[in-house]
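The next block holds one structure in the form of structure tokens; read it before the comments.
The values are calculated or read from the model by the stated rules, or taken from the named source; none is laboratory data. This structure is a prediction, so every number in the text was calculated from the model and none was measured. Methodologically, a virtual Cβ is constructed for each residue, glycine included, from the backbone with ideal geometry; neighbour enumeration extends over all protein chains shown.
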Ligand code: TMP
């Protein structure tokens, strides 16, 4: 049987990364789990990640490189793992491109939809966990983090647009998305995650 594909999303500082390894551990009781991330997840993808996070570039170049890294990731990691029947957990996927390049930077969504179809065909996550927090919470969490990358250094208005686009997409595809109030404590969020995992 084909495996299931779960993605974690949210603006920088929403706290999603804290929960990925915990979810992976829970799922390991049910079968092999591959955890991966975007941009990245392959040697080429990790090279592209360094450029994407630290080099200034034209907006369309940025979107194209996100999808180039994604193509490699699907071909080398995601599709083979799903075909083996593994769980695949990715720290970000295409919703991030719609939210950051579309919402945040204002790139036309129909451009991104065309690339999505080209790169993914019919592949979509089975479940997307959207960690949602107000901007103040995200900013406070990021303030304690290491040196910000290109995206983390973006303006408040950029993250307002990014968050709004995530929430708009979640509202459009409620069967795929679960929006998680990530202002709560780690333990409270785990209770919610446990319920969600029991249903898939
Ligand atoms: P991370 O810090 O969660 O690993 O994500 C890397 C950064 O890349 C994050 O600021 C979001 C951004 N990003 C995009 O702008 N578009 C995308 O398609 C992806 C996958 C990430």
Practice problem: Tally the residues that are within 18 Å of residue 154 (Cβ to Cβ) and touching a residue at least 24 places away in the same chain (Cβ under 8 Å), restricting the search to the stretch 45-67. | Solution: 11
Quiz item: What about residue 65, is it buried (at least 16 other Cβ atoms within 10 Å of the Cβ) and outside any loop (DSSP other than H, G, I, E, B)?
Solution: yes
Practice problem: Go through the stretch 70-94 and give me each residue that's within 11 Å of the ligand (Cβ to nearest atom) and out of contact with any helix residue (DSSP H, G or I) (no Cβ under 6 Å at 6 or more places or on another chain). | Solution: 90, 92, 93
Self-check item: Among (1) over 20 Å from residue 151 (Cβ atoms); (2) in contact (Cβ under 8 Å) with a residue 60 or more places away in the chain; (3) surrounded by fewer than 19 Cβ atoms within 10 Å (Cβ to Cβ), the one test that residue 29 misses
Solution: (2)
Quiz item: Looking at this structure, is residue 70 in a helix (DSSP H, G or I), surrounded by 13 or more Cβ atoms within 10 Å (Cβ to Cβ) and touching a residue at least 24 places away in the same chain (Cβ under 8 Å)?
Solution: yes
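Confirm whether residue 99 is within 15 Å of the ligand (Cβ to nearest atom) and in a helix (DSSP H, G or I).
The answer is yes for residue 99.
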Quiz prompt | Sole exception among (1) within 21 Å of residue 3 (Cα to Cα); (2) assigned to a loop (DSSP other than H, G, I, E, B); (3) modelled with pLDDT of 95 or more; (4) over 15 Å from the mean Cα position of the chain (by Cα) for residue 200, by number | solution = (3)
Exercise. Among the candidates 108, 140, 99, single out the residue that is at pLDDT 95 or above and over 27 Å from residue 82 (Cα atoms).
Key: 108
Quiz item: Can you tell me which residues in the stretch 21-59 are within 13 Å of the ligand (Cβ to nearest atom), farther than 21 Å from residue 4 by Cβ and either touching a strand residue (DSSP E or B) at 6+ places or on another chain (Cβ under 8 Å) or in a helix (DSSP H, G or I) (or both)?
Solution: 45, 46, 48, 49, 50, 51, 52, 53, 54, 59
Self-check item: From 159, 131, 151, residue being on the phi < 0 side of the Ramachandran plot, within 11 Å of the ligand (Cβ to nearest atom), in a strand (DSSP E or B) and surrounded by 13 or more Cβ atoms within 10 Å (Cβ to Cβ)
Solution: 131
Exercise. Can you run down the residue pairs with Cβ atoms below 8 Å, 6 or more apart or on separate chains, where the first is in the stretch 145-158 and touching a residue at least 12 places away in the same chain (Cβ under 8 Å) and the partner is assigned to a helix (DSSP H, G or I) and more than 9 Å from the ligand (Cβ to nearest atom)?
Key: 149/54; 150/54; 152/142; 156/135; 156/139
